[in-house]
Each structure stands twice: as structure tokens, then as C-alpha cells.
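Student: Dropping a structure here in C-alpha cells format, bear with me for questions.
The values are calculated or read from the model by the stated rules, or taken from the named source; none is laboratory data. Note that the structure is a prediction, hence the values are computed from the model and not measured. So basically every Cβ, Gly included, is an ideal-geometry build from the backbone, and we count neighbours across all protein chains shown. Note: areas computed on protein heavy atoms with side chains; ligands, DNA, RNA excluded. Shrake-Rupley method; radii C 1.70, N 1.55, O 1.52, S 1.80 Å.
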Amino acid sequence: MTAPTDFERLSSWITDAAPEMIAMQRELTSRPALSPESGGEGEAEKARWLEECLAGWDFPEPERYPAPDPAVPGGERPNLVYRLSGREHDSTTWILTHLDVVPPGERELWSGDPWVVREDGDRLIGRGTEDNQQGLVSAVFAARALIEHGLTPPCDVALAFVADEETGSEHGAGFLMREQADLFGPDDRLLIPDAGDDEGTMIEVAEKSIAWLTFTIRGRQTHASTPDHGVNAHRAGAHLIVMLEGLHEEFDAHDELFDPPTSTFEPTLKKANVENINTIPGEDVSAFDCRVMPCYDLDDVFASIEASAREIERLFGVTVTIEKTQWQPAAPPTPADAPIVGLLQQAISTVYGVEARPMGIGGGTVAAFFRAAGIPAAVWSRLDDTAHMPDEYCRVSNMVGDARVMAHLFLEA
Ligand SMILES: [Zn+2]
């Protein structure tokens, strides 16, 4: 019989630790970390408990990077970094998770108290159990497995627990990248276990740019029997929507990394105009949701849309104003051959026996903050995607499996 490898030792320890991981989920869920925007007091209590818990498991003292926020008691949002020293210190393997959760939404849609974890077979039901406590607990137990076995990984390992992911990351990842940018280096490997699919085969490395544009077209209202006395804003708006179909041809880059593999330009919201049939509408409001491949400059897309708007003004005698309701240029993608991607593929194949592949999504995750700064970040997890839903749940098997993937990552990086 051959001696078990380091990975096998960590892996079986993690598997046996499932009851402790479940207990940790219970404690975390019972401390609702809601942002002030969602009517909560932030992440302080949850972070305090986490610190206490990790101290009890012989984790080193954390580095604390509190983000000032007068909207919460104590005036600060917590951001914590725990480091385990490797044999070499030129680069770090990071796992970044967020402490905050979203509100439960309509209580009647829950089968029980959202802040009390209920076990249902393999499922742990409760707000935050999947988003993002699955990743958080997995990361803690992968690191704890190293500590328990006295193993020094080849490179430094760090866990980051951040605030404010659900409401824009101003006080979380955004704050860290603004105020503590030198924490992360271009040779680091960053895993963000905050999205994925139920097989664990999707490694998100790229995002499309997002532009939400609201068009307000102004003509002149009049009686429908005498249209020449007015200017029909609705007709002009309809022509604009059709004209913008041309965006598909103009920005037609195709990349199978994404699903769908092209930019999308979708007319969505349409505000009600007049209430009766015999009035020519003097105002027309509609909106587009555009998801643009990262190879394009979003400003070029906007310039093309503006040119169409000017053309509509000229053809129909209306005025068209365009509001950028949301404007998020994509960060450059993490290269599909970045070390973090290959290491993850190897770990996922070892633990889950599936072949994961790098993919792009419609946008936008917290990874964008890091990619924008040239830090290779991959978003991966194996989950059923119940985040933000009533009866959100995490599968214990995924929490344990993901912890084993992370332990593999620490040992092989
Ligand atoms: Zn999340």
C-alpha cells in the first residue's frame, strides 16, 4: 500500500469535516449581513464572529481593511485578509468571497425562517447559504485543512472576505482595489467562487460590456384625425428601434467563449404613452439592453447609436435624448490560458471528474475590478444557482467538493 498523497489526506479530512461545515453555515446564516441600502447594519457582526471562529482554528491574525461608511453603526464595513505562508512568496493563490447577503424578499415564498438553516437531504436551505457562504465555508475548510496537517503550500495562500458585493462593492472589492491595490499582483491567481453551474464545468473568465440606454423622443401631441398638426413621437421611436437592428451587423464579432457568442442589442422597456387611440403621442420612451463583446469600445457603439438618433431627428422632426441608465465597459478578459484556469481545470477534473472550460458571460461580476487592474481572476463554483431566490440552498456535497478543489489548487499552484 502506498502512502496517501498530501491531497488525499486533505481531501479525506475535508470530507469528514462536513458536519462542522454545516454548523458554520448555521452560524453565518443566523447573522444577516444586509447592507444599509437593504435596510441592514452591514457585515460587522458576521465578520466579528468569523474572526473569532478562525482564531479558534489557529488561523493567523487577519489584516483588516475597514471601508468607512457612515450609514452603518460603527461607521465601517469590514474587509479581512488571512494569509498562510507558502514555501515561496513571489505570488499568492487567493480565494475571495463576500460576507453580505441580499434580503429574503417575500417571506410567504419561503418554507421557513430564512435566517435559520434547515437541512433537507443534501440541501442547506437559508438566505446566504449558497451566495456566498458556500464559497466562504469551502475556502475556510480548504485553508483549515492545510493548518490542521501542518502543510506548507508551494506558494502563499490568502483568503479575502469582503463587504458590499450585493450593492456595488464600493465598500468591498472596489474599496480594496482603490485603496489597497498593491495587495494583489499580476502573477497572483484569484478564484472567486460566486457563480457557476450544477456540474462545475463553467469557469467564467470574461464578461461583455453592459449598456442600458433609455431613449426619450419628443414630437408634438395632436388629434389623430389631423396628424399634420403634430409630430408623432411613437412612429419615430418605432423607426429608431428598427434602425438599431443594424448594430448586430456593425458589431458582429463572434466568440464561442460566450453564450450567446455575439453581442446582443435588445429593445426592452417601452413606456405607455397616450391612453386613447385618437391622440397622436407627443412623447415616446423606450429602452435598450445592450451586452457588447469586450473587443469593442463601448463608446464606439454609443457613437453609432447617436448617429441613428440624429438620423431619426432629421427624418421625423423629433428630438431624441439618450440617457445612459447603466454603463459598464467590460474589463479585459482573463486569458483562457492563464495559470488559474489550468489549475482549476486540473483540480475540478480530479475532484468531480468533469472537464471544465473557460467561458464568458453577459456581465458583470466582482471579478471585473481585478481584471481591470490586470489581476487574472476566474469565477467558479459548483452550484444549483439558487442565489437571491426564496428557499435559497447550498448542497453539502458541493460545499465539500468545492473545498477539495480549493485544497488541490493550494497544493498545486
Ligand atoms: Zn454573490
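Student: Identify the single condition in (1) among the charged types (D, E, K, R); (2) touching a strand residue (DSSP E or B) at 6+ places or on another chain (Cβ under 8 Å); (3) under 23 Å from His388 (Cα atoms) that Glu63 does not satisfy, given that it satisfies every other one.
Tutor: (3) is the only condition that Glu63 fails.
Student: For a quick check of your reading of the model, give me the residue pairs whose first member lies in segment 77-98 and is within 16 Å of the ligand (Cβ to nearest atom), whose second is hydroxyl-bearing (Ser, Thr, Tyr), with beta-carbon atoms closer than 7 Å and at least 6 apart or on different chains.
Tutor: What qualifies is Asn79/Tyr65.
Student: Sticking with this one: Identify all residues within segment 377-413 that are open to solvent by 20 Å² or more (accessible area, probe 1.4 Å) and under 18 Å from the mean Cα position of the chain (by Cα); write none if there are none.
Tutor: Hits for segment 377-413 are Arg382, Asp384, Asp385, Ala387, His388, Met389, Tyr393.
Student: Being under 18 Å from Ser209 (Cβ atoms) and part of a loop (DSSP other than H, G, I, E, B) is the filter here; which residues of segment 236-282 pass it?
Tutor: Phe251, Asp252, Ala253, Asp255, Leu257, Asp259, Pro260, Pro261, Ser263
Student: Residue check: is Ser225 among the small types (Gly, Ala, Ser), open to solvent by 50 Å² or more (accessible area, probe 1.4 Å) and in contact (Cβ under 8 Å) with a residue 40 or more places away in the chain? Full working, then the answer.
Tutor: Working: among the small types (Gly, Ala, Ser): yes; open to solvent by 50 Å² or more (accessible area, probe 1.4 Å): yes; in contact (Cβ under 8 Å) with a residue 40 or more places away in the chain: yes.
Considered against the rule, which asks whether it is among the small types (Gly, Ala, Ser), open to solvent by 50 Å² or more (accessible area, probe 1.4 Å) and in contact (Cβ under 8 Å) with a residue 40 or more places away in the chain, Ser225 comes out as yes.
Student: Answer yes if at least one residue in segment 205-215 is within 22 Å of the chain's Cα centre (by Cα) and open to solvent by 20 Å² or more (accessible area, probe 1.4 Å), and no otherwise.
Tutor: Yes; the residues of segment 205-215 include at least one that is within 22 Å of the chain's Cα centre (by Cα) and open to solvent by 20 Å² or more (accessible area, probe 1.4 Å).
Student: Please specify each residue of segment 336-358 satisfying the condition of being in a strand (DSSP E or B) and open to solvent by 30 Å² or more (accessible area, probe 1.4 Å). Before the answer, list the steps.
Tutor: We begin by selecting, within segment 336-358, every residue in a strand (DSSP E or B); these are 357-358.
Of everything in segment 336-358, just one residue is in a strand (DSSP E or B) and open to solvent by 30 Å² or more (accessible area, probe 1.4 Å), namely Arg357.
Student: Can you pull out the residues in segment 163-183 that are open to solvent by 10 Å² or more (accessible area, probe 1.4 Å) and touching a residue at least 24 places away in the same chain (Cβ under 8 Å)?
Tutor: Kept after step one, since they are open to solvent by 10 Å² or more (accessible area, probe 1.4 Å), are these residues of segment 163-183: 165-168, 170-171, 175, 177-183.
Scanning segment 163-183 gives Glu165, Glu166, Thr167, Glu170, His171, Phe175, Met177, Glu179, Gln180, Ala181, Leu183.
Student: Here is a further query. On the basis of being buried (at least 20 other Cβ atoms within 10 Å of the Cβ), modelled with pLDDT of 95 or more and out of contact with any Leu (no Cβ under 8 Å at 6 or more places or on another chain), does Thr15 make the cut? Break it down into steps so the answer makes sense when it comes.
Tutor: Details: buried (at least 20 other Cβ atoms within 10 Å of the Cβ): no; modelled with pLDDT of 95 or more: yes; out of contact with any Leu (no Cβ under 8 Å at 6 or more places or on another chain): yes.
No; evaluated as a whole, the condition is false for this residue.
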